[in-house]
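Below: the structure, in structure tokens.
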Amino acid sequence: MIRFDILTLFPDMFQSPFASSVLKKAIDRGVIRVSVFNIRDFTTDKHHVVDDSPYGGGSGMVMKAGPIVEGIEWIKSTNGSPRVILMTPQGVTFNHGEAIRLSQYDHLLFVCGRYEGVDERVRKYIDEEISIGDYILTGGELAVMVVIDAVSRFVPGVLGSGTSVLEESFADTLLEYPQYTRPRVFRGKGVPEVLMSGNHRQITHWRRKEALKRTLVRRPDLLEKGNLPEGDLALLEEIKREERKENDS
Ligand code: SAM
């Protein structure tokens with residue numbers, strides 16, 4: 001079981017992502033638990049102010065440290081000892097490996113920024129910072145949903161079959177092989193014969209070769225990173241030979 005707590009100014013945004021499909025079932029089964037807290041509830045002033053203009057001038061507003069830190073401390077005092085994560089474009093870029101790593105925790109608390117971000121002094125209360133990519137969102141909420149969705153898939157009991165996560169893209173530095181389902185012919189296009197053969201050894205070999213081919217074309221950077229086994233290196237040579245032959249003819 002993993003617990004996800006979220007501190008946000010827009011709790012309503014979290015209603016639908018957890019109300020359908022895999023994540024809803026996981027929540028219903030008690031495999032994951034999601035609690036959303038409104039940062040505004042941790043203000044102490046009459047007007048519940050959560051932001052203010054930046055010292056030194058400049059455009060936009062900055063989220064005040066007080067309500068966020070009060071929120072983190074309240075959750076810690078009532079809900080356990082979560083790992084506290086600030087969503088920010090300045091954080092470590094989230095990826096497959098990070099999703100696996102975070103799935104090992106039993107309690108994560110995400111802080112969603114808005115406006116121009118959070119007062120720098122919040123960082124003292126943060127264990128790590130995560131970005132979901134080199135672009136700027138209007139707030140951390142969508143980023144948290146992405147992270148929770150990806151992390152949950154590695155939590156035991158969330159997905160039906162434990163094997164699917166091992167075969168997917170990035171699981172072993174390769175993109176996944178092409179997938180097909182019924183009908184056998186779609187608008188004149190068939191399915192590779194080998195997939196109909198029932199020969200599992202040949203199917204495994206075809207899938208591995210297609211995964212390598214696809215990764216070579218779309219994400220050659222992944223092949224440079226991975227320590228490919230001998231068999232894959234031989235397959236890659238075969239693919240390159242076939243490509244050269246095709247180009248020559
Ligand atoms: N001024 C900030 C900067 O340049 O770093 C960007 C603020 S952004 C408009 C508002 C909030 O959205 C951030 O505090 C953060 O919580 C969230 N956010 C924006 N882009 C993000 C990303 N790529 N990954 C994670 N969170 C992001």
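The values are calculated or read from the model by the stated rules, or taken from the named source; none is laboratory data. These figures come from a predicted structure and were not determined experimentally. FYI the Cβ positions are ideal-geometry reconstructions off the backbone, even for glycines, and counts take in every protein chain you see.
Per-residue answers, yes or no, for (1) within 13 Å of the ligand (Cβ to nearest atom); (2) within 23 Å of Arg3 (Cα to Cα); (3) more than 12 Å from the chain's Cα centre (by Cα):
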position: Thr78; (1), (2), (3): no, yes, yes
position: Pro89; (1), (2), (3): yes, no, yes
position: Ser103; (1), (2), (3): no, yes, no
position: Leu109; (1), (2), (3): no, yes, yes
position: Cys112; (1), (2), (3): yes, yes, yes
position: Lys124; (1), (2), (3): no, yes, yes
position: Leu137; (1), (2), (3): yes, no, yes
position: Ser169; (1), (2), (3): no, no, yes
position: Thr173; (1), (2), (3): no, no, yes
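Taking segment 146-196 as the range and being among the aliphatic types (A, V, I, L, M) and loosely packed, with under 11 Cβ neighbours inside 10 Å as the test, the residues that pass are Leu166, Val185.
Total residues in segment 139-152 satisfying the condition of being more than 7 Å from the ligand (Cβ to nearest atom) and within 10 Å of the chain's Cα centre (by Cα): the figure is 9. Does segment 153-161 include one or more residues that are within 16 Å of the ligand (Cβ to nearest atom) and under 13 Å from the mean Cα position of the chain (by Cα)? No, because not a single residue in segment 153-161 is within 16 Å of the ligand (Cβ to nearest atom) and under 13 Å from the mean Cα position of the chain (by Cα).
Just one of the numbered conditions (1) surrounded by fewer than 17 Cβ atoms within 10 Å (Cβ to Cβ); (2) small (Gly, Ala, Ser); (3) in a helix (DSSP H, G or I) is not true of Ala26: (1). Filtering segment 12-36 to residues that are more than 19 Å from the chain's Cα centre (by Cα) and closer than 20 Å to Val151 by Cα leaves Asp28, Arg29, Gly30. Inspect segment 92-105 for any residue being at pLDDT 95 or above and farther than 29 Å from Leu222 by Cα and give the result as yes or no. No, segment 92-105 contains no residue that is at pLDDT 95 or above and farther than 29 Å from Leu222 by Cα. Among the residues here, Gly133 qualifies as within 6 Å of the ligand (Cβ to nearest atom) and more than 17 Å from Met13 (Cα to Cα).
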